[in-house]
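Trainee: Please find one structure pasted underneath; my questions will follow.
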Amino acid sequence: MRYYCEEKESVLNELHSCESGLSQQEAAKRLERDGKNALEAANGKSLIRRFFEQMTDPMIIILVVVAIISGVLAVVEHDSFADVIIIIAVVIVNAVLGVYQENKAEKAIEALQEMSAATSKVLRDGKIQTIRSEALVVGDIIILEAGDAVPADARILESASLKVEESALTGESVPVTKFVDIIQLKETEKDVTLGNRKNMLYMGGTLVYGRGTAVVTATGMDTEMGRIAGALAQAEDDLTPLQIKLNQLSKVLTWLVLGICVVVFAVQLIKAGSLSFDLVLNSFMIAVSLAVAAIPEGLAAVVTVVLSIGVTNMSKRNAIIRRLTAVETLGCAQVICSDKTGTLTQNEMTVVDSFGTDKRCLAAGMSLCSDAEIDEDGALSGEPTETALVAWANQLGLAKPDLKKEFVRCGEAPFDSNRKMMSTVHTVRSQVVQYTKGAPDVVLERCTHYLKDGQAVPMTEQDRETILAANKAMADRALRVLASYFIGHFMESGVWAITDSADGITMAFLTMSMAEIFHSLNMRSQRRWSRWDR
C-alpha cells in the first residue's frame, strides 16, 4: 500500500490501529510475529574460523608448504628444525595479529551500536510510554520531537513545523519540511521518489525542528533502510589492491620456485653424467633448499605489522578499521564520487565569518531569533543552521539560557518561503525588541538605518552597495549567508500597539525613529571522514 497517497484515517484502518495507539497485548503479538525493529546483522564468525581464514592467503599457503618441505629436509638430513620453527612462528603471529585486529574492530562497533541503542515515545493503551526502539511494531503511534531519531518508517498523523534531515537515505543535507496531507500523483507519474514523500518518515532520519506524531508502517528489514542493508549484505567483497598485488607476487614466487627446482635439479644431473639414487636425492635436496631460500618468509609478517600500525594510528583519530587490508585501499583512492553533500559531512554548520562592527549584538540577535537550544554541557539541539548560530553566540560568552532569561520571547513569526525571514519579539526590562534573520536581499530591503559607533545612522545607497558587495564576496566563497536586523524602543512614556506591515507582526512600542542593524553571517559544513569499512 502506498501510505503517502492515502488519508491518515485510511492508513490507520489498513494497519488496524487508532490514534490512541495499540494495546500492550496486541503490540506483543505483532512483535512476536514480525520480529524486532532492527536491521539484521551478519552472522558472527568464531575465533577459530577467523584464524584459519587468515591461512587462506596465497602467501601464507606458500609459507606453510615451505615449512613442510623444510621439515622433511630436516628429518632426511638430520638437520636443525630452526627454519621450520621460524616459518611456523611467522605464520601464527601473522594470523593472530589479523584475528586480533578484526576482533578488536568488531567489539568497538558493537560497543558503538550498544551506546546508540535508541528509545522511542509511543502511545500504548492510550498512554505515553518510553520503550526501546527495537520493540516498535507496525501500527504503533510514535511521538517525535526535535532531536529525535526516526526509529522506523511511518506515516505522519500530526505535524507542527516538522523538519527532518534525511541525508542518510537521500544524501540531501538540507532538512525536509514535512506535512500531513496526502500526495497526489500526476497522470504521468507511476510513483513518487522517496525524497518527495513529504508525509512520510523513514528510519535513519533525524528531526531537527518541530514535533509530530506518526503511525509506524514498516519495521526492521522491511523499512527503506532495511532494503539498503539487505542489498549491501548480498554484495560480494572484491579483493583490495594490496590483496591483488600479493596474489600476483605469490603466483610469481610459485613459478619461480618450481623453475629453480627444475633447473637446479636438471643441471646437477647433467653435470654428474650418470644416474644414481644418492645423486638424484642429493640434487633434489639442493634444488629444494635453494627454492626455500627464495621464499621471503618475513614478507607476510611485515605487511601485517605495517598495516596494524596504520590501523592503530587511524584509531587515534576515531576511525575504526574492520579489515587490515582496507587501510591500503583508502591510500589508493584518488577520486571520491558523492551525490550530495550530506553523504560526506556531519550536517553541522559553523559560523566562520561575519560582516559588521558589533559581533556580540549580531550573535545575541541570531541566537534569540532561533528555536535551537544548548544545555549546560554544550549539547546542541535543533535545525543545523540555527544550532550554528547558538553555538557561535555561546563561544562569544552569550549563552542562550542566559539570554532567554533577559530577553523573554512574547511573539514570533516562523520562517516561511514567502517572507524568507524569521522574526521574534522579546520583552527586556521596559523595552520591546524584535529580532529578524533571513535572506540578505530581503532583510536589506527593510533596513533604513544601521548602527555606527552605537548610533543609528541613515543607510545610504553607497552603504547598501557595500553590504551587497560583502554578501557577494561571501557567497562566492561557497558560504551560506544570512542577514539580521533588530527594532527596539523604550516604553517609558506610553505604549502604542501597531502592526509592522513588512513582517505582519503585531508589536507594542513607542512611535519614535526606528534603529535597525544589518549584519551578514555565513556558515559552511565541517567535513569528516566516516569509518572506512569494507
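Trainee: Would you mind classifying the range 7-87 by shape? Square roots of the alpha carbon gyration tensor eigenvalues, ordered a ≥ b ≥ c; an a/c under 1.5 is rounded, otherwise it is prolate if a/b is larger than b/c and oblate if not.
Mentor: prolate
Trainee: Next up: About the Cα centre of the range 384-426, what is the dipole size in debye to 20, counting +1 per Lys and Arg Cβ and -1 per Asp and Glu Cβ, all else neutral? Can you show the working numbers first?
Mentor: Details: 6 positive and 5 negative charges, 8 e Å.
The calculation lands at about 40 debye.
Trainee: Note the full-extension length gain between residue 427 and residue 40 as 0.36 nm times their separation in residues minus their Cα-Cα distance, in nm to one decimal.
Mentor: On the way: separation 387, 0.36 × 387 = 139.32 nm, distance 5.32 nm.
Here the segment from residue 427 to residue 40 would lengthen by 134.0 nm.
Trainee: Sticking with this structure for a sec: Pull out a ≥ b ≥ c, the square roots of the eigenvalues of the alpha-carbon gyration tensor of the range 398-455, then state rounded if a/c is under 1.5, prolate if not and a/b is larger than b/c, and oblate in the remaining case. Provide the component values of the computation, followed by the final result.
Mentor: Working: a/c = 2.09, a/b = 1.26, b/c = 1.65.
In terms of gyration-tensor shape, oblate.
Trainee: How would you rank 462-470, 364-372, highest first, on the average number of other Cβ atoms within 10 Å across their residues? Don't skip to the end; give the middle numbers.
Mentor: Values: 462-470: 14.6, 364-372: 24.4.
Ranking the peptides 462-470, 364-372 by packing returns 364-372, 462-470.
Trainee: Within the range 373-398, which residues have the backbone N less than 15 Å from the label spot 7 Å out from residue 477 along Cα→beta-carbon, could you tell me?
Mentor: Label zone hits: none.
Trainee: Sticking with this one: Quick one: which of 75-88, 6-19, 474-487 comes out on top by average Cβ neighbours within 10 Å, and what's the full order, highest first?
Mentor: 474-487, 6-19, 75-88
Trainee: Now, a different point. For the range 118-194, with every protein chain kept in place, what is the accessible area per residue (1.4 Å probe, Å²)?
Mentor: Accessible area per residue: 47 Å².
Trainee: From the cross-link list 404/437; 8/121; 178/420; 190/420; 121/400, which pairs have alpha carbons spaced over 22 Å apart?
Mentor: 190/420; 121/400
The values are calculated or read from the model by the stated rules, or taken from the named source; none is laboratory data. These numbers were taken from a predicted model, which means no experiment stands behind them. Ideal geometry is used to build each Cβ from the backbone, glycine not excepted, and the neighbour counts take in all protein chains shown. These accessible areas exclude ligands, DNA and RNA; they are computed on the full protein's heavy atoms, side chains included. Shrake-Rupley method; radii C 1.70, N 1.55, O 1.52, S 1.80 Å.
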